[in-house]
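Undergrad: Here you go, one structure.
Since every read-out is calculated from the coordinates, none of them should be taken as a lab result. Just so it is clear, the model here is predicted, and its values are computed rather than measured. Cβ sites come from the backbone with ideal geometry, for glycine too, and all protein chains shown count toward neighbours.
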Amino acid sequence: MKYLIWILVLFAAAVALATASHNSAYVLLVYPPYRVELSFILTVILFFVALVVFYAFVRMLIAIMQMPNDVRDFRQQRSKTKMRASLDEVIGAYFEGRYGAAEKAAAHAMEQGETSALYPIIAARAAHELHEYEKRDAYLNTVGDKSIGDSTMRLMTSTKFMLDQNNPREVLNELQKSGGGKEKNNENT
């Protein structure tokens, strides 16, 4: 079918060329004091060239008008890609046991403006593993309360740290402060 269409197009082009070569018509353009006489074929060719140029110009204008949106989308995509790469680096270093590298990568990501609560949590866990408790507490204090998940992550992480340091009373106090132990305390009294 494809070859049949190409053959028909080829025959149509041959007929058009044969007809055009024997056409002696001309077009007369008059704009006083000017008078321009063109062959009909040249006029048709110039008309199609003008259409192609106009189409290219319109496409170029559309592309120029879309450029700010394309740049914004590109920057957002690049930012997301960088964020994923830094998160992969932080998590990979943490689970490989390279706690110093995990802490540095998480701190670097936070300095670059990453707002995810995962970065300070992982940095705090890495600092805890390195027995740098002041850094650990500083990282935990940077975790915001943007969502319930963020505050829950901070609570679970801080209670794990307290349990690791053999402070079960502080864990209970922390859970009671957060509201997690209210029901249990009401049952015991």
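Undergrad: Considering only DSSP states other than H, G, I, E and B, which chymotrypsin sites (Phe, Trp or Tyr not before Pro) in the stretch 1-102 qualify as loop sites with at most 10 other Cβ atoms within 10 Å?
TA: none
Undergrad: Below 15 angstrom from the Cβ of residue 154, what's the summed charge of the other residues (Lys, Arg +1; Asp, Glu -1)?
TA: Net charge around residue 154: 0.
Undergrad: Please list, ordered by chain and number, the residues whose modelled amide H lies under 5 Å from the amide H of residue 27; skip anything fewer than 5 residues away on the same chain.
TA: Amide H neighbours of residue 27, under 5 Å, 5+ apart: 38, 39, 40.
Undergrad: Something else now. Report the relative contact order of the chain, percent, no decimals, based on alpha-carbon pairs under 8 angstrom and at least 6 residues apart.
TA: 9
Undergrad: Residues with amide H under 5 Å of residue 117's amide H, sequence separation 5 or more or different chain, H placed in the peptide plane at 1.01 Å from N; which?
TA: Under 5 Å from the amide H of residue 117: no residue qualifies.
Undergrad: Run the dipole for the chain about the Cα centre, Lys and Arg Cβ at +1, Asp and Glu Cβ at -1, nothing else charged, and hand back the magnitude in debye, nearest 20.
TA: Around 640 debye, computed over the chain.
Undergrad: So, in the chain, how many Lys pairs have Cα atoms under 24 Å apart, if the pair is 8 or more places apart or on different chains?
TA: Taking the Cα cut-off of 24 Å, the pair count is 16.
Undergrad: Using a Gaussian network model of the chain with C-alpha springs under 10 Å, which one of 172, 46, 118 is most mobile by mean-square fluctuation?
TA: Looking only at 172, 46, 118, the biggest GNM fluctuation is shown by 46.
Undergrad: Given only helices, namely DSSP H runs of n ≥ 4 each adding -39500 (n - 2.57), what is the per-residue ellipticity at 222 nm of the chain, to the nearest 500 deg cm²/dmol?
TA: After summing the helix terms and dividing by the residues of the chain, the value is -26000 deg cm²/dmol.
Undergrad: Work out the charge dipole of the stretch 98-180 with +1 on the Cβ of Lys and Arg and -1 on the Cβ of Asp and Glu about the Cα centre, then indicate which of 167, 107, 128 is farthest towards its positive end.
TA: Toward the positive end, the furthest listed residue is 167.
Undergrad: Then there's this: Can you find, among 97, 60, 86, the residue sitting farthest towards the positive end of the charge dipole of the chain, where Lys and Arg contribute +1 and Asp and Glu -1 at Cβ?
TA: 60
Undergrad: If you rank 116, 24, 151 by fewest surrounding Cβ atoms within 10 Å, what's the result?
TA: 24, 151, 116
Undergrad: Dividing the convex hull volume of the alpha carbon atoms of the chain by its residue count, what do you get in Å³ per residue?
TA: Normalising the Cα hull of the chain by residue number yields 299 Å³.
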